[in-house]
Each structure stands twice: as structure tokens, then as C-alpha cells.
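Remarks on the structure that follows.
FYI, it's all coordinate maths here, none of it is from the lab. These numbers come from a predicted model, not from an experiment. Neighbour counts are summed over all protein chains in view; Cβ atoms, including those assigned to glycine, are modelled from backbone coordinates with ideal geometry.
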Amino acid sequence: MQGGLRAVFSHGNVLKDAVLRHMRVVPPAMRSLMFARQESASAARIEEHGFESTTISDILKAKGKSADGSWLWCTTEDSVYDAVKSMTQHNVGALVVVKPGEQKSLAGIITERDYLRKIIIQGRSSKSTKVGDIMTEENKLITVTPDTKVLKAMQLMTDNRIRHIPVINEGGMIGMVSIGDVVRAVVNEHRDELNRLNAYIQGGY
């Protein structure tokens, strides 16, 4: 996965290099005319719509009703057994923990590592142990806000080896995004940037 993500990051430079090489083969007179015609309007538009403009808020809007990530939640009162069962069913390695009856109030996170270290190794019962007894506390939880750039979110997720990250604002948790959501957004940004550069060269702006 990390190799694939590095390829995504480097892809933008490859695209821009290709565009610059294409520009160098344009006759000088035509190139000068092109820039004279487009310089003022195009520069402003490329700045406005440039690369790295997508935010977490954009991802949540695209996800629609599934943005809340409710299938990745459990409460402090749930049993560890039920939490691990939910992880297995949804093929995830962690669940966000909320307080009972307060779905926007974060309490912490429970991970496969918590289960292994605090249940299996210690010989405790997962059915009689509550999630709140073994979860990682809220102050250790990694989050983003709606205004966070997708590349920043990707960096947080890859650096900390997590696949899902809660989105919070002043009112509490408003959604969840996955590493897949973030990667798709970055790839789409690269594609849109290439289209804008091509349009710039061809006089589309």
C-alpha cells in the first residue's frame, strides 16, 4: 500500500513534466501568443482550482448518507466480543468508541491490538469485558476536520498506519473517511489537474 501511495504522490510531478515537455515543442511564436492571450484569466483560474484543493468536506459530500461511518462505531458499554465481531464483519482493524446515546461524543477507539494485548494475552473474557475497559482513550485518537486537505489526511493515516479516521468539528464527530476515500480523491485531483493544464496549453481557459 505504501508503495502505491508514493506512486500517487509522484504521479503529479510526472504529469507536470510531461506537460512542460509538450510545451517545449510548440513553436516559440505560437507559445508567446498563447501565453499573451491566456495569462491573466488562466493564472487566476489555475490558482483557484489548482492541485491539492480537495478537502475532507468534499469527500463527505461525495459519500452522502454513508459519510457518518456509523457501521464503524461502538459504545463504551458494548462487549469486546461484539466489537471484534463487527470488525470482522466489516473487515476493519478498529472501531471508534462513542458514549451510549451520544453518537457525536467521542470516547476513544478500540483496535485489534487492544483486543490481543488486553483480552487474549491476559486471558480475559471478551463477552464479559466492556469496550470502555480496554479502549484507547480519546486523547490518543487521531482525527481530522472538514477543512483538512486530503493529502494531509493521507499523511496522517499512512504515518500512523490507520485505515479509517474520524472527522470532527466543534459539535463532535460528523463522519468517517477511509484510506480508500482519500486515495480516490487524490487520484481524481491529479486527473483534474492534468485536464486543466492541457486546457491551458490548448487555449481552453
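Which trypsin sites (Lys or Arg not before Pro) from region 96-161 combine a DSSP loop assignment with at most 16 other Cβ atoms within 10 Å? Let's see the in-between values first.
Details: sites: Lys104, Arg113, Arg117, Lys118, Arg124, Lys127, Lys130, Lys140, Lys149, Lys152, Arg161; in loops: Arg124, Lys127, Arg161.
Counting only loop positions with at most 16 other Cβ atoms within 10 Å, the trypsin sites (Lys or Arg not before Pro) in region 96-161 are Arg124, Lys127, Arg161.
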Relative contact order (%) - criterion: Cα under 8 Å, at least six apart; region: region 71-205: 20
